[in-house]
2 protein chains.
Amino acid sequence: MKAIGIDIGGMSIKIGLCEDGKIISRRKVITTKDYGEAIDKTCDAILSILNELGITENDIAGIGIGCPGTVTGSQGKIDFLPNLGWKDVYIADSIKKRIDTKIVVSNDANVAALGENIYGVAKKYDSSVMLTLGTGVGGGIIIDRKLYEGGESKGAELGHLTLILGGEQCGCGRKGCIEAYASATALMRQTREEMLLNKDSLMWKIVDGDIEKVDGKLAFDCEKAGDKSAKKVVDNYVTYLSEAIMNMCNIFRPQAIVLGGGVSAQGDNLVKRVKAYCEKFNYGYRGAPVPEILCATLGNDAGIIGASALVIE
Amino acid sequence: MKAIGIDIGGMSIKIGLCEDGKIISRRKVITTKDYGEAIDKTCDAILSILNELGITENDIAGIGIGCPGTVTGSQGKIDFLPNLGWKDVYIADSIKKRIDTKIVVSNDANVAALGENIYGVAKKYDSSVMLTLGTGVGGGIIIDRKLYEGGESKGAELGHLTLILGGEQCGCGRKGCIEAYASATALMRQTREEMLLNKDSLMWKIVDGDIEKVDGKLAFDCEKAGDKSAKKVVDNYVTYLSEAIMNMCNIFRPQAIVLGGGVSAQGDNLVKRVKAYCEKFNYGYRGAPVPEILCATLGNDAGIIGASALVIE
């Protein structure tokens, strides 16, 4: 079944017509803070795709929309989309005025989790939990192949569970959340903190002495080259992430944990270490299987493909 | 619809025939480590109830069983019941040999959560999450009036999410779990630690100088009498519990949080303080409702009544 997936980002709105998790035709609209203009251009793009393929809205299952920020799914509403400053916009209704089909809205981490479960790396599994390790830590929960968003689409904020009460300040206002320790942003902070303690670290050479050049790869790269400070950073990061994953196991005991976002590009190296940690501290799970730990595979298209899955039963 | 609920405890097995959440007739069997004997006596008790009421197994929806420890629901199996030393016993099959009806097994915290949602304090709400604050911290999750146990009935271990990574040793083998800070056992430890720091505390007088007499009420009682040390203990405990509850909100955003177990006997005093804390640190939840926080009302019968709900659709 064909469906439109829309991935709203801070820089652009990406639109794709998908069939069975493959993008058949796509468009991109440069994002604007003017909501009306953005919706108009998005509808133009959808209609242009349908026109190109010689089909109408009656030939698609509907339109799925993923966006950063908070939504109220039952009302097809974006509550707040910080990057664009959109607040309380009824995006499903807005699009429906021009294209009358089923429209479902969810947040980007939920959408990515659904995409990976239905079409991506977790498609073998009925239940999976995704953590996106990027600027923040997003969460997505799939139970029996269905997206679970929590009440009023306000749950599944898995980056905002406590890891260290009273610890690092989190963007959500609380202290010590998983996001404040396991996001790419947190990894970069941890890298810089360690560099300031160890001026001899190889990490300083790689960034030409400019701490502003630190990224989420640096510690992983320098650890491979034998740098002890880098190893310390990575070891700690693995502990934070693994403890977060063990929490997910204790809540959901999913068949698979899917890691996405920038840090997941570390692939096997990261997965092996997290698995080793989880197996070592597995005492509390006696008799319970350790879930598969996998890295997301849909990449940049996860937003479009996952969104299309929102309207496919 | 009538159903049998069975509550397996360390001291006794309580059996009740329930109708609409009320116990019509009940029996008690003294618990024995001999599994075969325990099952025989339990079946005798069930048949005696049915006989008393002049009905057969065809007149009941089935038999629900709640027990401490771990179960595999899909196999009607108790994996491990530490108090009695039962391991890998197929209790549903064992009972079915004498009483052929639908039999469902779950753990005691799940069962309590279901009972409170269907028949107890949370019956107004489609979704609720229960934390039992006793020897440990048990968790139960109700989504759309249905029990969610996680994969292989091995999830919903909400007491075993991290509150302080690397903190107090938890019985599950990890360190810093919610259970290690918010259980009645933890509250007693926190009370004793504070008493050792403050020999002038009223708490010493109440226990006649015997620290072994500390219980989960002591700090709450002495705080009311104006004792500063006791207030410190209670304030800290409220922080631990509130942070745990905020985590539950971020995962599930349930309509209600239900507190059970010994500590929940503090009732309104505890609820008010937890609510105040959650509202104060509510930043991350803007636009999301703060769930009701309630204390369990089914009391000692929660195990029987909740278990009966396992077999009622």
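Structure values in brief
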quantity: Residue list for the range B:185-206, filter: without any contact (Cβ under 8 Å) to a residue 40 or more places away in the chain and under 23 Å from B:G267 (Cβ atoms); calculated: B:M188, B:R189, B:E194, B:L202, B:M203, B:I206
quantity: Conditions (1) in contact with a Lys or Arg (Cβ under 6 Å, 6 or more places away or on another chain); (2) part of a helix (DSSP H, G or I); number of the one not met by A:A288; calculated: (2)
quantity: From B:D100, B:D40, residue being at pLDDT 95 or above, in contact with a helix residue (DSSP H, G or I) (Cβ under 8 Å, 6 or more places away or on another chain), outside the structural domain of B:E152 (by TED's automatic domain parsing) and not in a strand (DSSP E or B); calculated: B:D100
quantity: Residues of the range B:48-77 that turn out to be within 14 Å of another protein chain (Cβ to nearest Cβ) and either aromatic (F, W, Y) or touching a Phe, Trp or Tyr at 6+ places or on another chain (Cβ under 8 Å) (or both), as a count; calculated: 4
quantity: Filtered residues of the range B:226-269 (kept if more than 10 Å from chain A (Cβ to nearest Cβ) and of a type in the set (K, R)); calculated: B:K228, B:K231, B:K232
quantity: Residue in the range B:302-310 that is modelled with pLDDT of 90 or more, touching a strand residue (DSSP E or B) at 6+ places or on another chain (Cβ under 7 Å) and not in a helix (DSSP H, G or I) present; calculated: yes
quantity: Test: residue in the range A:164-172 that is assigned by TED's automatic domain parsing to the domain that holds A:P289, without any contact (Cβ under 8 Å) to a residue 60 or more places away in the chain and closer than 20 Å to A:V71 by Cα; calculated: yes
quantity: Residue that is nearest to B:V104 (Cα to Cα), among those in the range B:9-28 that are assigned to a strand (DSSP E or B) and touching a Phe, Trp or Tyr at 6+ places or on another chain (Cβ under 9 Å); calculated: B:C18
quantity: Residue within the range B:144-166 that is away from every other protein chain (no Cβ under 12 Å) and in contact with an Asp or Glu (Cβ under 7 Å, 6 or more places away or on another chain) present; calculated: yes
quantity: Every pair of residues 6+ apart whose Cβ atoms lie under 7 Å, when the first sits in the range B:7-35 and is more than 22 Å from B:E313 (Cα to Cα) while the second is of a type in the set (F, W, Y) and surrounded by 15 or more Cβ atoms within 10 Å (Cβ to Cβ); calculated: B:Y35/B:W86
quantity: Breaking point among (1) farther than 30 Å from B:G10 by Cβ; (2) assigned to a helix (DSSP H, G or I); (3) more than 14 Å from chain A (Cβ to nearest Cβ), for B:D200; calculated: (2)
quantity: Checking B:K272 against (1) within 14 Å of chain A (Cβ to nearest Cβ); (2) without any contact (Cβ under 8 Å) to a residue 60 or more places away in the chain, the condition it does not meet; calculated: (1)
quantity: Filter pass, A:T31 being surrounded by 14 or more Cβ atoms within 10 Å (Cβ to Cβ) and either in contact with a helix residue (DSSP H, G or I) (Cβ under 8 Å, 6 or more places away or on another chain) or not assigned by TED's automatic domain parsing to the domain that holds A:M11 (or both); calculated: yes
quantity: Members of the range B:45-76 that are surrounded by 14 or more Cβ atoms within 10 Å (Cβ to Cβ) and part of a helix (DSSP H, G or I); calculated: B:A45, B:I46, B:L47, B:I49, B:L50, B:E57, B:G73, B:Q75
quantity: Test for B:V258: is it in contact with an Asp or Glu (Cβ under 8 Å, 6 or more places away or on another chain) and assigned by TED's automatic domain parsing to the domain that holds B:G139; calculated: yes
quantity: Selection status of B:S183, in contact with a helix residue (DSSP H, G or I) (Cβ under 8 Å, 6 or more places away or on another chain) and closer than 30 Å to B:V311 by Cα; calculated: yes
quantity: In the range B:283-299, residue surrounded by the fewest Cβ atoms within 10 Å (Cβ to Cβ) [restricted to those that are facing chain A (nearest Cβ under 10 Å) and among the hydroxyl-bearing types (S, T, Y)]; calculated: B:Y283
quantity: Residue in the range B:82-95 that is under 15 Å from B:V311 (Cβ atoms) and assigned to a strand (DSSP E or B) present; calculated: no
quantity: Number of the condition not met by B:L50 [criteria: (1) at pLDDT below 95; (2) more than 23 Å from the chain's Cα centre (by Cα)]; calculated: (1)
quantity: In the range A:167-192, residue farthest from the other protein chains (Cβ to nearest Cβ) [restricted to those that are over 14 Å from the mean Cα position of the chain (by Cα) and among the charged types (D, E, K, R)]; calculated: A:R192
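Here is a yes/no grid of residues against (1) among the β-branched types (V, I, T); (2) out of contact with any helix residue (DSSP H, G or I) (no Cβ under 8 Å at 6 or more places or on another chain); (3) not assigned by TED's automatic domain parsing to the domain that holds B:S183:
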site	(1), (2), (3)
B:V214	yes, no, no
B:C222	no, no, no
B:S229	no, no, no
B:K232	no, no, no
B:D235	no, yes, no
B:A244	no, no, no
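The values are calculated or read from the model by the stated rules, or taken from the named source; none is laboratory data. A quick note: this is a predicted structure, and the numbers were derived from the prediction, not measured. When we count neighbours, we look across all protein chains shown, and the Cβ atoms used for this are built from the backbone with ideal geometry, even at glycine.
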